[in-house]
Every structure is written in structure tokens, then in C-alpha cells.
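Have a look at the structure below, then the notes.
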Amino acid sequence: MPSNSALFPRNFRKKYPIAVRGEGCWIVDKNGHRLLDASGQAAVVSIGHGVPEIGRAMAEQSSQLAFAHTAQFHTAPAQKLAQRLLALAPPNFRSGGRVYFTSGGSEATETAIKLARQFHLESGQSSRYRVVSRRQSYHGSTLGAMTVSGNVARRAPYQPLLAEWGHIAPCFCYHCPFGKNFPECGIACADDLDHFLDKNDAASVAAFIFEPVVGATLGAAVPPDGYAQRIGEICRKRGILLIADEIMSGMGRTGKPFAVKHWSVEPEIILVGKGIASGYAPLGAVLMAPRIADAFERGSGAFQHGFTYQAHPVATAAGNAVLDYIESHNLFDRVPPAAEILRTELAALQSHPHIGEIRGLGLLLGLEFVKNKATRQPFPKVDNIAERIHQAAIAENVLTYPTQGCVDGVNGDHILLAPPFTISPSECRVIDNALHSALQKVFPS
Ligand SMILES: Cc1ncc(COP(=O)(O)O)c(C=O)c1O
């Protein structure tokens, strides 16, 4: 297809409108077409688009000092944001926790993998290097992050480049990998970690990484009570670090600052991205509990890692301005009632013959489409249902986040809804109306 763009697109078969402006929950394109951002793009935008205070704070920082290399300086916005993130984290991050800023989620995962490895070296456990994860998960697109990801389609082309450190069963009640039901299952998927370690050289494992709520890959799959706690117990018992990837689920998206706060589990590393700067700047972070930082401080003193743009002054100024906005508008507290309104609007969709489940936590919701509701059988991949629903919703001026593969890595269609926390009741109705029309178009009766 001839194109007058020099940009390498995500997909050469698709057309991309030019986005020019954002206003609250809406994005406006070059032709003045307004689209309701029901997915916060990719669960990124939490405070809404076009908030002028954020741009002002970034311009102010940039005019004072746009860049200082972390090998030579620390800066006030990075110091301040680190303190604020630790104060939002579970109690085990207080009194000595530290934060390592990156320019996004994948860099945060990459950093955590190396941090876990070097932590064990500093602690005299040089045999530990593998980071175990779950099938049907996503932790980022760089090679280390892909190695721990269990997203079949996203891994497939790079398989020869990826180490095999081992993946355990996902925690996915709607399509339980053990064919069981909660609570009779006894949370077999958590015990799968223990069984895996029994059989796979536990002494070489450095960490276990998981998404507390599985976002893109499973469409907002929430674990049953007891899962995260059991995983935490197994990691503690085995001397393995627990890494919670909260790149999508963190910074208030599920109704608490971090999703792990819904359950009694205390990871030792938390990854943040997306909502940390609500899309105003490329920013991510690795939060670590005191004993991890202590091991480096008492040991070699230096983490053999680094990015030129880590802890960037303008990006961390954006992070502070976003947190100021969240605090002054009480936006974390707004998530549960806004989610309730959105769920109530969507409730009638649950009886649609091709909606298998509406699931999620807070404003991280997934709608899974099934061919047969009784058996939960997915549509064949070629039917491209999630993308067709997404396109039909765009025709109604509503943006969603479609993905395939939630059932077995290939089949299974869902869309994510993750609107800004400022979503209004009337905007929730617009989303619901658009989805009704989209379903009507894709599944005409
Ligand atoms: C849970 C999770 N981890 C990691 C990433 C990678 O983040 P980024 O795309 O900012 O590199 C994502 C992105 O979708 C994610 O959802």
C-alpha cells in the first residue's frame, strides 16, 4: 500500500488517523473526529487527556534543567517521586525501600530481572539466575521481558532468541487450566509453582514474576482470594524474590494504589509503568524492598545496569504532577464508584449469547467473547472477533483494546476497557451503547 508516512507502523495493513488533541476522556483527530477513550489507550491514561497542569510542570522542569545523567547527579523531581511511590506501596517497602526509574514498562521488567540476579550474587547465592513466570502473561517486549512473558503470539517469532527459564500455569478461573472450580480447586494453580520448583532445579531460581491482575493477555483476569497470598508464601519458603508486575494494574487502576493491596501479599519488587505518568511522559519504575537495596549497599555497592534516560527530570516531574492531580482530585477513591457505574451500564451485555464473561477489578475490565456460552468455546482465530468488535465500536466513536489468544494463546477473543478515572456516568452510557451496536453489527441476529 503506498504511504506518504516515514513512520514504521505497528501494522502495515491498518490505517492510523492522526491524533491532535486530548480532552478528558476524549481524543480528537486531525479531521475533528472525537473518540471516547474507553481503554485509556492501553490502560495508560488515568487522569484524562489534556490536563494543562501536567504540561506546565514539565515545561517548568525542562526550562530549569531538562537532563542530568544519573552517573553524575540526582535531581529533586526523581527524589520526590521515589518517596511518594514508596509511601503508596505495601508497608514492607517503607523504611529503606528504593526506586529505580526507567522510561517504560519493558525497561522496568528488564531491570527487575537483572536486579534479582545481582541481588542473589550480592547475597552469596550465585546459583540463582532464573526468573520463573506464568503461561499466558505479558511483561514487555525487550528480550529479557519476552523471556519471562508467556504470551504465545508475542513470543513466537523470537523463540530462538529466548532463554527457557520455565512457566507455570496461569490463574484463570474462567478457563481453568486444571478444569476445576474455585474453591474446590484448592487454588491448584498457586501450588503449581511449588510443584514446578520441586521438579526444576529450585536452587537456580532467583525470582517469580506475575501480574496480580492479568491485563492484555487474559483480559483482566482476577485471581481468587488466597492465590496471591499462597504465591507469596511459596516464594518466601523457597528463598525466591516475588516480583509483582503492576505496570498495567498499578497506580490506582484497580481501585487501590497497587493491586497487591487487595490481598495480603508483600512482593519484594513492584514494577510500575503506564499510569505512573498517565501517558504524559515515558516513565516506568522498579520499587524494591529495603533488604534488596541493602544487599547492594553492603555488597559491591553498584548495580551493573543503567539507561541514559533513567530517572529523567522531565518525566519524573510529569509523574509528580500526575500524582498531585490524583491527590487533589481524589482520583484513587473515584475508581471503585466509577467502576460500579460502568459495570451497571454493562450489566445487560452479560446476557448476550456471545459474551462469556465480563470480569476485572476497578477500572480494568475485560469482556470475553465466546462462540458457545455453555461450553465457553472460543471463536476460531480467523473470525477475528475482538478486532471486529473494536472496529465496530470505533464506528460508534468509542476506543477499546482488543486482543486474541486468551484461551490457549491462539484462540479466545476479548477487549479491555480501562478508561481514565475521570469517566462520567454519561460517558459510561456512551461506552455501553457503542458496545451494544458493535455486538449487533458483528453478530446480527
Ligand atoms: C503487565 C505489563 N507488563 C509490561 C508491559 C510492557 O510495558 P511497555 O509497553 O511500557 O514497555 C506491559 C504493557 O502492556 C504490561 O501490560
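Structural remarks
- Taking the criterion of being under 20 Å from H139 (Cβ atoms) and open to solvent by 20 Å² or more (accessible area, probe 1.4 Å), the residues of the range 190-211 that qualify are D192, F196, N200.
- Residues that are in contact with a strand residue (DSSP E or B) (Cβ under 7 Å, 6 or more places away or on another chain) and open to solvent by 10 Å² or more (accessible area, probe 1.4 Å), drawn from the range 212-226: V222
- Test: residue in the range 394-407 that is more than 24 Å from V213 (Cβ to Cβ), of a type in the set (G, A, S) and either free of Cβ contacts under 8 Å to residues at least 40 places away in the same chain or open to solvent by 50 Å² or more (accessible area, probe 1.4 Å) (or both): yes
- Residues of the range 424-437 include at least one that is of a type outside the set (V, I, T) and part of a loop (DSSP other than H, G, I, E, B).
- Enumeration of residues in the range 348-380 that are buried (at least 16 other Cβ atoms within 10 Å of the Cβ) and not hydrophobic (A, V, I, L, M, F, W, C): H352, H354, G356, E357, R359, G360, G362, G366, E368, K371, P378
- E266 among the charged types (D, E, K, R), away from the ligand (no atom under 14 Å from the Cβ) and more than 18 Å from D192 (Cα to Cα): yes
- V322 passes every criterion in (1) in a helix (DSSP H, G or I); (2) away from the ligand (no atom under 16 Å from the Cβ) apart from (2).
To keep it simple, each residue is scored yes or no on (1) within 12 Å of the ligand (Cβ to nearest atom); (2) aromatic (F, W, Y); (3) more than 10 Å from the chain's Cα centre (by Cα).
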site	(1), (2), (3)
D201	no, no, yes
A207	no, no, yes
F210	yes, yes, yes
V214	yes, no, no
L218	yes, no, yes
K237	no, no, yes
I240	no, no, yes
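- Residue match in the range 84-99 (condition: of a type in the set (S, T, N, Q), in contact (Cβ under 8 Å) with a residue 60 or more places away in the chain and open to solvent by less than 20 Å² (accessible area, probe 1.4 Å)): no
- On inspection, T308 fails the criterion of being free of Cβ contacts under 8 Å to residues at least 40 places away in the same chain, open to solvent by 60 Å² or more (accessible area, probe 1.4 Å), outside any helix (DSSP H, G or I) and among the hydroxyl-bearing types (S, T, Y).
- The set of residues from the range 95-132 being part of a loop (DSSP other than H, G, I, E, B), among the hydroxyl-bearing types (S, T, Y) and within 12 Å of the ligand (Cβ to nearest atom) comprises just one member, S103.
- Selection status of E246, more than 22 Å from V152 (Cβ to Cβ), at pLDDT 95 or above, open to solvent by less than 50 Å² (accessible area, probe 1.4 Å) and among the acidic types (D, E): yes
- Tally of residues being more than 8 Å from the ligand (Cβ to nearest atom) and either in contact with a helix residue (DSSP H, G or I) (Cβ under 6 Å, 6 or more places away or on another chain) or not in a loop (DSSP other than H, G, I, E, B) (or both) across the range 133-148: 7
- Here Q41 meets the list (1) within 16 Å of the ligand (Cβ to nearest atom); (2) open to solvent by less than 60 Å² (accessible area, probe 1.4 Å); (3) not in a loop (DSSP other than H, G, I, E, B) almost entirely, failing just condition (2).
- Residue in the range 58-72 that is closer than 26 Å to P267 by Cβ and not in a strand (DSSP E or B) present: yes
- Selection status of G55, surrounded by 13 or more Cβ atoms within 10 Å (Cβ to Cβ) and in a loop (DSSP other than H, G, I, E, B): no
- From the list G186, G179, G232, the lone residue that is farther than 26 Å from S126 by Cα and either open to solvent by 60 Å² or more (accessible area, probe 1.4 Å) or in contact with a Leu (Cβ under 9 Å, 6 or more places away or on another chain) (or both) is G179.
- Of residues in the range 44-71 being among the β-branched types (V, I, T) and within 16 Å of the ligand (Cβ to nearest atom), the one nearest to the chain's Cα centre (by Cα): V44
- Members of the range 253-273 found to be part of a loop (DSSP other than H, G, I, E, B), of a type outside the set (A, V, I, L, M) and either surrounded by fewer than 24 Cβ atoms within 10 Å (Cβ to Cβ) or more than 13 Å from the chain's Cα centre (by Cα) (or both), listed by number: G255, K256, P257, W263, S264, E266, P267, E268
The values are calculated or read from the model by the stated rules, or taken from the named source; none is laboratory data. Given the structure is predicted, the values throughout are model-derived calculations rather than measurements. With ideal geometry, Cβ positions are generated from the backbone for all residues, glycine too; neighbour counts draw on all protein chains shown. When the accessible area is computed, the model is the full protein with side chains, heavy atoms only, and any ligands, DNA or RNA have been set aside. Shrake-Rupley method; radii C 1.70, N 1.55, O 1.52, S 1.80 Å.
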